[in-house]
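Novice: The structure follows.
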Amino acid sequence: MEKLLSMDISSSTIGWSLFEFDKNTINLLSYGHIKPPNKAKADKLGYGLSYRLSEISKEIKNLITKTQPDKVAVEDYAKKFSAGRSSANTIIILATVNETVSLVCFQMMGIEVTRLPVTRLRSVVKKKYQVDVKDKDDAMKLIKQVFPIFSSVLNKNGNTKKECYDESDAAIVGLGYHILL
């Protein structure tokens, strides 16, 4: 059995899932999220994006050391504009964070991460489980069905915490990776 670390990467939350897998089986071992420092915190300290990327690098190094994966898969980032959805700055920051995570994985493990476009992930999951994963709610519902150990945490208002959706998205990346084996 090999271990796969899968991630859903953004500049505000990096969801992650750790799986043990072989060609026929996949088991969710653990999951969580990393909260990188936001722009306001970096600004308050007198720093910019370099500080945030440095902190992300430290957190990813700690995660790799803790989980000891054999493979890493990430949801690929947008490489073009979607009308009304992303600004150039948003895409640049997302790409930079994603590439920083990939660089840390390469430096520590000597491997390239596997990048999986969200459309491909949704397609292979739909084909295998006959369920549409159109949004984060659909992803969470499927992950809870496939991996009963996955649970979400509620905020003080009784709603699912935002970070739980990033964790389930990371699990979708891992599940999609396994389906594509």
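Novice: Over the chain, what is the percentage of antiparallel beta bridges among all DSSP beta bridges, to the nearest 5? Kindly include the intermediate steps, with their values, before the conclusion.
Specialist: On the way: 16 of 23 bridges.
DSSP beta bridges in the chain are roughly 70 percent antiparallel.
Novice: Which of Ile149, Ile56, Ile64 moves the most in a Gaussian network model of the chain with Cα springs under 10 Å?
Specialist: Between Ile149, Ile56, Ile64, it is Ile149 that shows the largest mean-square fluctuation.
Novice: Stick to the Cα atoms of segment 82-134, pair each with every other, and give me the Kirkwood hydrodynamic radius in Å at one decimal.
Specialist: Details: mean 1/r = 0.0742 Å⁻¹.
For segment 82-134, the Kirkwood estimate is 13.5 Å.
Novice: Considering only Ile143, Ala171, Tyr77, whose Cα is most displaced toward the positive end of the charge dipole of segment 65-181, charges sitting on Cβ of Lys, Arg (+1) and Asp, Glu (-1)?
Specialist: Final value for the positive-end residue is Ile143.
Novice: Expected output is a single nm value to one decimal: the length gained when fully extending between Lys127 and Asp70, i.e. 0.36 nm times separation in residues minus the C-alpha distance. What is it? Provide the component values of the computation, followed by the final result.
Specialist: On the way: separation 57, 0.36 × 57 = 20.52 nm, distance 2.65 nm.
Gain in length upon complete extension: 17.9 nm.
Novice: Quick one: putting +1 on the C-beta of Lys and Arg, -1 on the C-beta of Asp and Glu, what dipole do you get for segment 1-105 around its Cα centre, in Debye to the nearest 20? All intermediate terms of the calculation are to be shown ahead of the outcome.
Specialist: Values: 14 positive and 11 negative charges, 82 e Å.
Here segment 1-105 has a charge dipole of around 400 debye.
Novice: In the chain, which whole DSSP H runs stretch at least 30 Å along their own axis (Cα) and average 0.0 or higher on the Kyte-Doolittle scale?
Specialist: Details: long enough: 88-109 (31 Å, 1.34).
The qualifying helices are 88-109.
Novice: Could you work out the percent of alpha carbon pairs in segment 114-181 separated by over 20 Å, rounded to a whole number? Present the calculation step by step, with values, prior to reporting the outcome.
Specialist: On the way: 580 of 2278 pairs.
When all Cα pairs of segment 114-181 are counted, 25 percent exceed 20 Å.
Novice: A further question follows. Relative contact order of the chain: what whole-number percent is it, with Cα pairs under 8 angstrom and at least 6 residues apart? Please report the intermediate quantities before stating the final value.
Specialist: Working: 290 pairs, mean separation 54.6, N = 181.
Here the relative contact order equals 30 percent.
Novice: For the chain, what is the charge dipole size about the Cα centre, in debye to the nearest 20, if Lys and Arg each add +1 at the Cβ and Asp and Glu each add -1 at the Cβ?
Specialist: Working: 27 positive and 20 negative charges, 79 e Å.
For the chain, the charge dipole is close to 380 debye.
Novice: How far apart, in nm, are the 7 Å Cα→Cβ label points at Asp43 and Asn159?
Specialist: Between Asp43 and Asn159, the label points sit 2.4 nm apart.
Novice: 222 nm [θ] for the chain, helices only, -39500 (n - 2.57) per DSSP H run of 4+, per residue, to 500? Kindly include the intermediate steps, with their values, before the conclusion.
Specialist: Values: 6 runs with 88 residues, N = 181.
About -16000 deg cm²/dmol.
Novice: A further question on this structure: Beyond 29 Å between alpha-carbons counts as too far, so tell me which of Lys71/Lys134; Lys3/Lys126; Lys35/Lys136; Lys127/Lys156 fall in that bin.
Specialist: From the list (Lys71/Lys134; Lys3/Lys126; Lys35/Lys136; Lys127/Lys156), the Cα-Cα distance tops 29 Å for Lys127/Lys156.
Novice: Let me know the charge dipole size of segment 115-181 about its Cα centre in debye, to the nearest 20, where only the beta-carbon of Lys, Arg (+1) and Asp, Glu (-1) is charged. Present the calculation step by step, with values, prior to reporting the outcome.
Specialist: Working: 13 positive and 8 negative charges, 34 e Å.
Roughly 160 debye, rounded to the nearest 20.
Novice: A further question follows. Could you work out how far the C-alpha centroid of segment 45-63 sits from that of segment 117-181, in angstrom?
Specialist: 27 Å
Any read-out appearing in this document is the output of simple, stated calculations on the displayed coordinates, not a laboratory observation. Treat the numbers as computed from the prediction; the structure is a model and nothing was measured. Note: ideal-geometry Cβ built from the backbone for every residue, glycine included; neighbour counts use all protein chains shown.
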